[in-house]
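Contents: one structure, followed by commentary.
We did not get these values from a lab; they are worked out from the coordinates using the rules stated. Treat the numbers as computed from the prediction; the structure is a model and nothing was measured. Every residue, glycine among them, receives a Cβ derived from its backbone with ideal geometry; neighbour counts consider all protein chains shown.
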Amino acid sequence: MRWTFRISFLLLLAWAIFMVSPFVALYDLSKAIEARDLARIAERVNFNALRVSLAHQILGEFLKTQDLAGLDRQAATQAGTATLNPVLESLVTPQALIDLLDDPKLRQSATGGGHALVPTGLDAESLGRMWRTFLFSESQGFRAITIPFPVDEAKDRQFRITLRLSGTTWRVTGLELPSALQHELSRRAAAMKK
């Protein structure tokens, strides 16, 4: 009986540590962004997967603004990808991620306020926000989780960060942008096209 209790306790403890670990990794990433630590950011982000995630969103928004009369959707997607490539290349670097996530002007236009992506205080309000973030996160099996920020905003005004377990490290593999920010980046792509 004693061994059953000990094993159950150890399994429960391991499960609790596993459940909290992506949030600790995201907190570490937010601290790296604040400190502008490019090496730590590179450890926490899978830039190839992030490029695909951003391309899908920005290309979709970009194609909404283009006149596609008479064009095949496949040809339009290929042309849009070629047009967006410089924008994506400029977004998918550690420094660009800092600029994107730490730029008060972009956050203001995306979320309506200058909210930090990860609450860092230990007061009652921050702890409540952390708890709501935990509750509203979406697990995708044991190896991936999507976390909304800021959790108190409407879904179209949230960043949704997808982390995937790679070995023993949680890494960012996707970043769903607020619709206003998708529109702004699509506008930039259109301006680069001209």
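Couple of notes before you dig in:
- Ordering of 158-164, 28-34 by packing is 158-164, 28-34, highest average first (other Cβ atoms within 10 Å, averaged per residue).
- The slack between S8 and R143, meaning 0.36 nm per residue of separation minus the straight C-alpha distance, is 46.4 nm.
- Put simply, when 37-43, 21-27 are sorted by average Cβ atoms within 10 angstrom per residue, most first, you get 21-27, 37-43.
- Rounded FRET efficiency, nearest 0.05, which uses the C-beta distance separating R36 from M1 and R0 of 35 Å: 0.05
- With all pairs of separate Cα atoms included, the range 27-66 yields a Kirkwood hydrodynamic radius of 11.7 Å.
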